Amino acid sequence: MMSVLLNTNLPMPVFIRGKVRDTYDLGNGLLIVATDRISAFDVVLPCGIPDKGKVLNQLSAFWFEKTAGLVTNHMVEMVDDEKILDRFLPPASRFSYPAYLRGRSMLVKKIHRVPIECIVRGFLSGSAWAEYQQSGTVCGLRLPEGLKESQELPEPIFTPTTKADTGHDEPMTMEGVVRLVGKTLAEGIREKSLAIYNFARQYALERGIIIADTKMEFGLDSYKLILIDELLTPDSSRFWEASEYKVGQSQPSYDKQPVRDWLAASGWDKQAPAPMLPEEVIEATSKRYREAYERLTGEKLK
């Protein structure tokens, strides 16, 4: 099995360690390193997925560049060599450049995060399908009767949630977003979220991939709305193979579905610690991540 990067230990102050990314504080910016860690059911697994971090980092950079005309984002540049990082570090703080940073690291602006997960759905799937079956709504929004699983919605909908540091995110109404950040900012967030999704959905469909839904995050830079975190990756989006799409059933997706399927069948109680994945599941998941990147960008993973 290929080696994976689960941990980074750079000689810099840690800004935050997430389930997948390790972020370091450069003072005048942040260095985000996407590891190969993988989580399922809010638990980080003991094994990683080869190349997963590279896919997340490079695909986010691809989409940041593609959508820059729709909304400003936090990306400064990709970290491809030590000279880039040295520009942001004083001489006394520079260190030997680890090879693993190449392809999986990004320098970004330090932005005040808006505590909202901005989810846009174009198809009825996942938790949205479960809620619709019970109440005919998705995040409180009334939808037409008679819709089927995985069916395309009459138009994409904005279904935000809270951004929880621990535990589960909770659904929000648009009224809740307005109460949290004000009407002007709330409407701006919804408008930009829908614009990004609609652009990316059309772009991906031309390459044989359906983006069923996605989530994104925003921040504020001197009161200006800025797109942050990751964008339109297999971790933050539901990518379906367009040629195999069938209404009325779940769809094969370019993400960690093999991991979730294996864990569900294993009898694991979804509490830490998670079990080790079989090698064939790890390899199948790694292949899905790489294929998503190559299909969308038209390039091989660097």
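Descriptive notes on the structure:
- Scan of region 6-23 for residues that are without any contact (Cβ under 8 Å) to a residue 12 or more places away in the chain, more than 30 Å from A265 (Cα to Cα) and either assigned to a loop (DSSP other than H, G, I, E, B) or among the hydrophobic types (A, V, I, L, M, F, W, C) (or both), ordered by number: N9, V14, I16
- Any hit, region 120-128, residues being part of a strand (DSSP E or B), open to solvent by 80 Å² or more (accessible area, probe 1.4 Å) and closer than 25 Å to Q202 by Cα: no
- For first residues located in region 188-200 and under 12 Å from C118 (Cα atoms), partners that are in a helix (DSSP H, G or I) and of a type in the set (A, V, I, L, M, F, W, C) and lie 6+ apart or on another chain with Cβ distances below 8 Å form the pairs I189/V177; I189/V181; R190/M174; R190/V177.
- Selection from region 58-89 of residues that are more than 17 Å from A34 (Cα to Cα), modelled with pLDDT under 95 and not in a helix (DSSP H, G or I): R87, F88, L89
- Strands (runs of 3 or more DSSP E) enclosed by region 154-264 - at least 1 residues per element that are charged (D, E, K, R), touching a strand residue (DSSP E or B) at 6+ places or on another chain (Cβ under 9 Å) and open to solvent by 80 Å² or more (accessible area, probe 1.4 Å): none
- Any hit, region 278-286, residues being outside any helix (DSSP H, G or I), within 21 Å of the chain's Cα centre (by Cα) and either in contact (Cβ under 8 Å) with a residue 24 or more places away in the chain or buried (at least 20 other Cβ atoms within 10 Å of the Cβ) (or both): no
- Matching residues in region 24-49 - criterion: being closer than 21 Å to K109 by Cα and either in contact (Cβ under 8 Å) with a residue 40 or more places away in the chain or surrounded by fewer than 19 Cβ atoms within 10 Å (Cβ to Cβ) (or both): D25, L26, G27, N28, G29, L30, L31, I32, V33, A34, T35
- Some residue of region 137-150 being of a type in the set (A, V, I, L, M), within 24 Å of the chain's Cα centre (by Cα) and open to solvent by less than 20 Å² (accessible area, probe 1.4 Å): yes
- Looking at S60, S3, just one residue is open to solvent by 50 Å² or more (accessible area, probe 1.4 Å), touching a residue at least 40 places away in the same chain (Cβ under 8 Å) and small (G, A, S), and that residue is S3.
- Subset of region 108-163 (residues that are at pLDDT below 95 and in contact with a His (Cβ under 6 Å, 6 or more places away or on another chain)): I111
- Residue within region 97-116 that is open to solvent by 20 Å² or more (accessible area, probe 1.4 Å), in a loop (DSSP other than H, G, I, E, B), more than 20 Å from M216 (Cα to Cα) and not charged (D, E, K, R) present: yes
- Count of region 63-81 residues, restricted to those that are more than 19 Å from the chain's Cα centre (by Cα) and surrounded by fewer than 16 Cβ atoms within 10 Å (Cβ to Cβ), is 3.
- Failed item in (1) more than 14 Å from D22 (Cβ to Cβ); (2) open to solvent by less than 10 Å² (accessible area, probe 1.4 Å); (3) modelled with pLDDT of 95 or more, with G53 passing the rest: (1)
The values are calculated or read from the model by the stated rules, or taken from the named source; none is laboratory data. It should be emphasised that the depicted structure is a prediction, and the values quoted were computed from it without experimental measurement. Glycine gets a Cβ as well: all are built from the backbone with ideal geometry, and neighbour counts include every protein chain shown. Side chains included, ligands, DNA and RNA excluded: accessible areas come from the protein's heavy atoms. Shrake-Rupley method; radii C 1.70, N 1.55, O 1.52, S 1.80 Å.
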